[in-house]
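Peer 1: My questions will all concern the structure given below.
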Amino acid sequence: MSRHSRYGIVSLATLMIAAASAQAQLPQTRLYVVDPPGAQIGTITEVTIARGDDLDEVDQLLFNHPGIFATQVTQPSASGPQPVANKFRVAVAGDVPPGRYEVRASGLFGVSNPRTFMIGRDPEIREVEPNNETAQATPIEVDTIVNGVINGAGDIDIIRFTAKASQRIVIDAQASRIDSRLDSQITLHDANGRPLKFSNNQYGPDDLLVFDVPADGEYLVELRDLTFSGSADHYYRLSISTDPHISFTIPAAGQAGTTGKFTLYGYNLPGSELTDAVSAGAPLEKLSVDIAVPARDALDDSLVGVPSHAAELDLFAYHLETEGRSSNTIHLGVTDAAPTAEQEPNDAPATANMVTAPADITAQLATLKDLDVYALDAKANEEFQIEVIGQRGGAPIDAVLKVEQVTKAEDGSEQVKELTTQDDYTTNLAALTFDTATDDPVFRLKAPADGTYRISVRDRAYEHNADPSFVYRLMIRKPQPDFRLVAVPAGSATGLTWPVGLRKGDHFAVDVLAHRIDGFNGPIEIDVPNLPFGFDTDGVTILEGETKGTLVLTATGEAPSDRQFVEITGTAKIDSPEGAKSVTHPARAGSVVWNHADKVPSVARLTDTLTLSVMDEPAPFVVSHDAPHIEVCQGRQILVPLNLSTNLAGQAVQVLGQNYELKPQGEQ
């Protein structure tokens, strides 16, 4: 295809995108909060849609596991049972595995965006208001989950529990991890209200506190928002339990398609060994386990919940099942290299760890002023991709990467030349919609000469911050050009929570974001290989060097009024030592959790699937074209024949905000 014809295709696609944008301003079912945001295995729980938009006639909650099923609550009336708006009974079968699931609402305006719904083994209760004072504390037993809301500015929730001496209690406040706006802070008090311990931001904005009980008695957990904010959006699941809890693993990644040996670090790990390392206020335990690592093409819904800044990583979900109890779920990396761990001491050039590529090294910044030093031998003009995964791996670190060239002077003394110091990787594919900027550094080293190259990693605040959980991966490899894709529904404006809902005859735009890996810069052909019946698309090409393409999906008049699951793929030609090869990857599905606000990017993450729904009504108007590929020269004005049909009797259709105008056929 010529460069000129490609410009022609882009122009036609833009017209369809404009039509899709106009349609997107019509009502779409949107889901923000379900209360409670989870349930116990083998129970029936009443769940309320606490907040959303365009919830007209919502009569279903849809889950991504067949063992989780909702029926709408009804109330008696003279004409028979009548549905209660936004209230459902959710039944969880006894064989549903614990973990993270997705819930969507379905109503008059289609199927909504997803929200997290957690399933666990422990009993669950709801906080009982008022509980702002010690005397009003909500009483629970250990090994219980409390579902609650910080529902106003300054709100504080206090929970009371009774514990026995020598118990190890893990207090875990899940909030941002389950799509909440809450930035939690936990304070533990004794029965008299005396503060014993506090925690803030162990998991991003979420808190974790571990309490080794010194004596039998009652204890109080106080939970609030760090900034004293509060609303229906500030919900949480507070676990106070003796269940196993994994803080991190070494290594933090496994070789694809193998069973690897890992050491779990955490709390209440059966058969574990106590260590001297302290994190979350208590000594860590360690336990060696074997973990089956999936192949890269078998990650599936393991990626659900991964934040937008880590969306390009190959990860899989893992939790520990033991003695009928389940740990929290963590994400581990998938690598082609055999994973290794740093060898301490390595905080000075004289004790640098010697490495060879490819390498995937797991290391810790566990002590103040910790600096990890590595050495790599390279030949002149050899290229290496050097990448740190810290923040993207879930660690609260801002890694700094330094690369130096080391040579020997005639007198044998060492000469050191700094080649680079890298901090944040600032490439952002969709800053206000799906923020991919990260604190993790990335650098392409081209060795200027034969010799040794020194690589060092530290935290930016290494003089003040350190913890055994400050774990990172250092990856050193020869460049392996590749790409990963994320498909995100394009809302009516930038950075909005928006589902893919279409009316019959409608167009809908989906932004496909391309993470270009290790210098790959070629075009990527985007397609939907198994398009559901009643849908159509022309595909789109992400052009050379570009990082986004907009795919327009069309629901024909024959599209069934139902939800459909769509897989988008991208195919590209990638050079390799064996010659150019065709590579195809599925696009991961992305979702905006909270809308973009003034100077604040949206919150976004990966979800299980791109879900389409078709409403049982026609689109108010449809713009289409029958034009073949059109070749144009730059600067030339062209007329493109369009077909416009409308169901808006007596209403004119006008194109706004574009560099073209609509003209009736025959008018010049």
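The values are calculated or read from the model by the stated rules, or taken from the named source; none is laboratory data. Everything numeric in this text was worked out from a predicted model, so none of it was measured. Reconstructed Cβ throughout: ideal geometry from the backbone, glycine too, with neighbour counts over all protein chains shown.
Peer 1: Kindly provide the set of residues from the stretch 126-143 that are surrounded by 17 or more Cβ atoms within 10 Å (Cβ to Cβ), hydroxyl-bearing (Ser, Thr, Tyr) and in contact (Cβ under 8 Å) with a residue 40 or more places away in the chain, ordered by number.
Peer 2: Selection gives nothing.
Peer 1: Within the group ALA572, ALA509, ALA559, which residue is among the aliphatic types (A, V, I, L, M), modelled with pLDDT of 95 or more and surrounded by 21 or more Cβ atoms within 10 Å (Cβ to Cβ)?
Peer 2: Working: ALA509 fails: modelled with pLDDT of 95 or more; ALA559 fails: modelled with pLDDT of 95 or more.
Being among the aliphatic types (A, V, I, L, M), modelled with pLDDT of 95 or more and surrounded by 21 or more Cβ atoms within 10 Å (Cβ to Cβ) holds for just one of ALA572, ALA509, ALA559, which is ALA572.
Peer 1: Look at ARG168 and say whether it is outside the structural domain of ARG224 (by TED's automatic domain parsing), in contact (Cβ under 8 Å) with a residue 24 or more places away in the chain and closer than 30 Å to THR187 by Cβ. It would help to see each step written out before you state the result.
Peer 2: Values: outside the structural domain of ARG224 (by TED's automatic domain parsing): no; in contact (Cβ under 8 Å) with a residue 24 or more places away in the chain: yes; closer than 30 Å to THR187 by Cβ: yes.
For ARG168, the condition - outside the structural domain of ARG224 (by TED's automatic domain parsing), in contact (Cβ under 8 Å) with a residue 24 or more places away in the chain and closer than 30 Å to THR187 by Cβ - is not met.
Peer 1: Of all residues being modelled with pLDDT of 95 or more and acidic (Asp, Glu) in the stretch 207-229, which is nearest to the chain's Cα centre (by Cα)? Just the residue, please.
Peer 2: ASP225
Peer 1: Can you pull out every residue in the stretch 564-607 that is charged (D, E, K, R), over 19 Å from the mean Cα position of the chain (by Cα), within 27 Å of ALA430 (Cα to Cα) and not in a loop (DSSP other than H, G, I, E, B)?
Peer 2: Correct list: LYS573 only.
Peer 1: Cβ contacts < 8 Å: first residue aliphatic (A, V, I, L, M), restricted to the stretch 554-566; second residue surrounded by fewer than 14 Cβ atoms within 10 Å (Cβ to Cβ) and not in a loop (DSSP other than H, G, I, E, B), any location; separation 6+ or different chain. Result?
Peer 2: Final answer for the pair search is none.
Peer 1: Scanning the stretch 333-371 for residues that are outside any loop (DSSP other than H, G, I, E, B) and among the hydrophobic types (A, V, I, L, M, F, W, C), which turns out surrounded by the fewest Cβ atoms within 10 Å (Cβ to Cβ)? Before the answer, list the steps.
Peer 2: Within the stretch 333-371, the first condition is being outside any loop (DSSP other than H, G, I, E, B), and the residues that meet it are 333-335, 339-341, 349-351, 353-355, 359-364.
Within this subset, residues satisfying the condition of being among the hydrophobic types (A, V, I, L, M, F, W, C) are 334, 341, 350, 354-355, 359, 361, 363.
Numbers: VAL334: 21, ALA341: 14, ALA350: 8, MET354: 11, VAL355: 17, ALA359: 21, ILE361: 24, ALA363: 26.
Top of the filtered list is ALA350.
Peer 1: Would you mind stating whether VAL388 is under 20 Å from the mean Cα position of the chain (by Cα) and either β-branched (Val, Ile, Thr) or outside any helix (DSSP H, G or I) (or both)?
Peer 2: Working: under 20 Å from the mean Cα position of the chain (by Cα): yes; either β-branched (Val, Ile, Thr) or outside any helix (DSSP H, G or I) (or both): yes.
The answer is yes for VAL388.
Peer 1: Name the single residue that is surrounded by the fewest Cβ atoms within 10 Å (Cβ to Cβ) among those in the stretch 523-534 being modelled with pLDDT of 95 or more and within 16 Å of VAL500 (Cβ to Cβ).
Peer 2: VAL528
Peer 1: Further question on the same structure: Mind checking whether some residue in the stretch 581-591 is of a type outside the set (Gly, Ala, Ser), within 30 Å of ALA175 (Cβ to Cβ) and in contact with a helix residue (DSSP H, G or I) (Cβ under 7 Å, 6 or more places away or on another chain)? Talk me through it step by step, then tell me what you get.
Peer 2: First, the residues of the stretch 581-591 that are of a type outside the set (Gly, Ala, Ser): 581, 583-586, 588.
When the remaining residues are screened for being within 30 Å of ALA175 (Cβ to Cβ), the result is 588.
Those still in the list that are in contact with a helix residue (DSSP H, G or I) (Cβ under 7 Å, 6 or more places away or on another chain) too: 588.
Within the stretch 581-591 (the criterion being of a type outside the set (Gly, Ala, Ser), within 30 Å of ALA175 (Cβ to Cβ) and in contact with a helix residue (DSSP H, G or I) (Cβ under 7 Å, 6 or more places away or on another chain)), the answer is yes, since at least one residue qualifies.
Peer 1: Still on this model: With the condition kept exactly as written, say whether any residue in the stretch 190-198 is in contact (Cβ under 8 Å) with a residue 24 or more places away in the chain, surrounded by fewer than 23 Cβ atoms within 10 Å (Cβ to Cβ) and part of a strand (DSSP E or B). Before you say what the answer is, go through the steps one by one.
Peer 2: Quick first cut of the stretch 190-198, residues in contact (Cβ under 8 Å) with a residue 24 or more places away in the chain only: 190-191, 193, 197.
Checking the rest, the ones that are also surrounded by fewer than 23 Cβ atoms within 10 Å (Cβ to Cβ) come to 190-191, 193, 197.
Adding the requirement that they be part of a strand (DSSP E or B) leaves 190, 197.
Taking every residue of the stretch 190-198 in turn, at least one turns out to be in contact (Cβ under 8 Å) with a residue 24 or more places away in the chain, surrounded by fewer than 23 Cβ atoms within 10 Å (Cβ to Cβ) and part of a strand (DSSP E or B).
Peer 1: Out of everything in the stretch 545-556 that is part of a strand (DSSP E or B) and not hydrophobic (A, V, I, L, M, F, W, C), what residue ends up being modelled with the lowest pLDDT?
Peer 2: Of the stretch 545-556, the ones part of a strand (DSSP E or B) are 548-555.
From what's left, not hydrophobic (A, V, I, L, M, F, W, C): 548-550, 554.
Working: LYS548: 97, GLY549: 96, THR550: 95, THR554: 92.
Per the criteria, the residue is THR554.
Peer 1: Against the conditions (1) under 30 Å from VAL593 (Cα atoms); (2) assigned to a strand (DSSP E or B), where does GLY230 fall short? Just the number, please.
Peer 2: Exception for GLY230: condition (2).
Peer 1: Sticking with this structure for a sec: Hey, does the stretch 292-310 have a residue that's touching a strand residue (DSSP E or B) at 6+ places or on another chain (Cβ under 7 Å), outside the structural domain of ALA395 (by TED's automatic domain parsing), more than 30 Å from LEU513 (Cα to Cα) and basic (Lys, Arg)?
Peer 2: No, the stretch 292-310 has no match at all.
Peer 1: Go over the candidates ILE186, ILE159, ILE169, ILE150 one by one and state the one that is buried (at least 18 other Cβ atoms within 10 Å of the Cβ) and under 20 Å from TRP594 (Cβ atoms). Show your work before the answer.
Peer 2: Numbers: ILE186 fails: under 20 Å from TRP594 (Cβ atoms); ILE159 fails: under 20 Å from TRP594 (Cβ atoms); ILE169 fails: under 20 Å from TRP594 (Cβ atoms).
Only one candidate passes the filter, namely ILE150.
Peer 1: Right, something else. Go through the stretch 54-85 and count every residue that is within 27 Å of the chain's Cα centre (by Cα) and either among the polar types (S, T, N, Q) or loosely packed, with under 14 Cβ neighbours inside 10 Å (or both).
Peer 2: Residues in the stretch 54-85 being within 27 Å of the chain's Cα centre (by Cα) and either among the polar types (S, T, N, Q) or loosely packed, with under 14 Cβ neighbours inside 10 Å (or both): 3 in total.
Peer 1: Also, I was wondering about something else. For the stretch 294-327: of the residues being assigned to a helix (DSSP H, G or I) and either surrounded by fewer than 19 Cβ atoms within 10 Å (Cβ to Cβ) or on the phi > 0 side of the Ramachandran plot (or both), which is modelled with the highest pLDDT?
Peer 2: Our first condition is that a residue be assigned to a helix (DSSP H, G or I); within the stretch 294-327, this holds for 296-298, 300-303, 308-310.
Restricting the remaining residues to those that are either surrounded by fewer than 19 Cβ atoms within 10 Å (Cβ to Cβ) or on the phi > 0 side of the Ramachandran plot (or both) gives 296-298, 300-301.
Values: ARG296: 90, ASP297: 86, ALA298: 84, ASP300: 69, ASP301: 70.
Only one residue fits best here, namely ARG296.
Peer 1: Also, I was wondering about something else. Of the conditions (1) touching a helix residue (DSSP H, G or I) at 6+ places or on another chain (Cβ under 9 Å); (2) free of Cβ contacts under 8 Å to residues at least 40 places away in the same chain; (3) of a type in the set (A, V, I, L, M), MET118 clears all except one; give me its number.
Peer 2: Of everything listed in (1) touching a helix residue (DSSP H, G or I) at 6+ places or on another chain (Cβ under 9 Å); (2) free of Cβ contacts under 8 Å to residues at least 40 places away in the same chain; (3) of a type in the set (A, V, I, L, M), MET118 misses just condition (2).
Peer 1: Go over the candidates LEU264, LEU209, LEU220, LEU226 one by one and state the one that is of a type in the set (A, V, I, L, M, F, W, C), surrounded by 21 or more Cβ atoms within 10 Å (Cβ to Cβ) and within 23 Å of ASP157 (Cβ to Cβ). Outline the logic, then answer.
Peer 2: Values: LEU264 fails: within 23 Å of ASP157 (Cβ to Cβ); LEU220 fails: surrounded by 21 or more Cβ atoms within 10 Å (Cβ to Cβ); LEU226 fails: surrounded by 21 or more Cβ atoms within 10 Å (Cβ to Cβ).
Testing whether each residue is of a type in the set (A, V, I, L, M, F, W, C), surrounded by 21 or more Cβ atoms within 10 Å (Cβ to Cβ) and within 23 Å of ASP157 (Cβ to Cβ) leaves just LEU209.
Quick grid of which residues meet (1) closer than 17 Å to ILE476 by Cα; (2) touching a strand residue (DSSP E or B) at 6+ places or on another chain (Cβ under 7 Å); (3) polar (S, T, N, Q):
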residue	(1), (2), (3)
VAL406	no, yes, no
ALA409	no, yes, no
THR420	yes, yes, yes
ASP440	yes, yes, no
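Peer 1: Then there's this: May I ask you to list the residues in the stretch 240-258 that are assigned to a strand (DSSP E or B), among the hydrophobic types (A, V, I, L, M, F, W, C) and within 11 Å of VAL471 (Cβ to Cβ)?
Peer 2: PHE248, ILE250, ALA253
Peer 1: When you scan the stretch 594-624, how many residues do you find that are hydrophobic (A, V, I, L, M, F, W, C) and touching a Ser or Thr at 6+ places or on another chain (Cβ under 7 Å)?
Peer 2: Residues of the stretch 594-624 that are hydrophobic (A, V, I, L, M, F, W, C), as a first pass: 594, 597, 600, 603-604, 606, 610, 612, 614-615, 619, 621-623.
When the remaining residues are screened for being touching a Ser or Thr at 6+ places or on another chain (Cβ under 7 Å), the result is 594, 604, 614-615, 621-622.
Looking only at that region, the number is 6.
Peer 1: Can you confirm whether PRO123 is touching a residue at least 40 places away in the same chain (Cβ under 8 Å), closer than 25 Å to SER176 by Cα, surrounded by 15 or more Cβ atoms within 10 Å (Cβ to Cβ) and under 31 Å from the mean Cα position of the chain (by Cα)?
Peer 2: Values: touching a residue at least 40 places away in the same chain (Cβ under 8 Å): yes; closer than 25 Å to SER176 by Cα: yes; surrounded by 15 or more Cβ atoms within 10 Å (Cβ to Cβ): no; under 31 Å from the mean Cα position of the chain (by Cα): yes.
No.
Peer 1: May I ask you to list the residues in the stretch 201-245 that are of a type outside the set (Asp, Glu) and free of Cβ contacts under 8 Å to residues at least 60 places away in the same chain? Steps first, please.
Peer 2: The initial filter retains those residues of the stretch 201-245 that are of a type outside the set (Asp, Glu), namely 201-205, 208-211, 213-215, 217, 219-221, 223-224, 226-232, 234-242, 244-245.
Matches in the stretch 201-245: PRO205, VAL213, PRO214, ALA215, GLY217, TYR219, LEU226, THR227.
Peer 1: A further question follows. Does GLN28 satisfy being at pLDDT below 85, buried (at least 20 other Cβ atoms within 10 Å of the Cβ) and touching an Asp or Glu at 6+ places or on another chain (Cβ under 7 Å)? Show your work before the answer.
Peer 2: On the way: at pLDDT below 85: no; buried (at least 20 other Cβ atoms within 10 Å of the Cβ): yes; touching an Asp or Glu at 6+ places or on another chain (Cβ under 7 Å): yes.
When the stated conditions are applied, GLN28 does not pass them.
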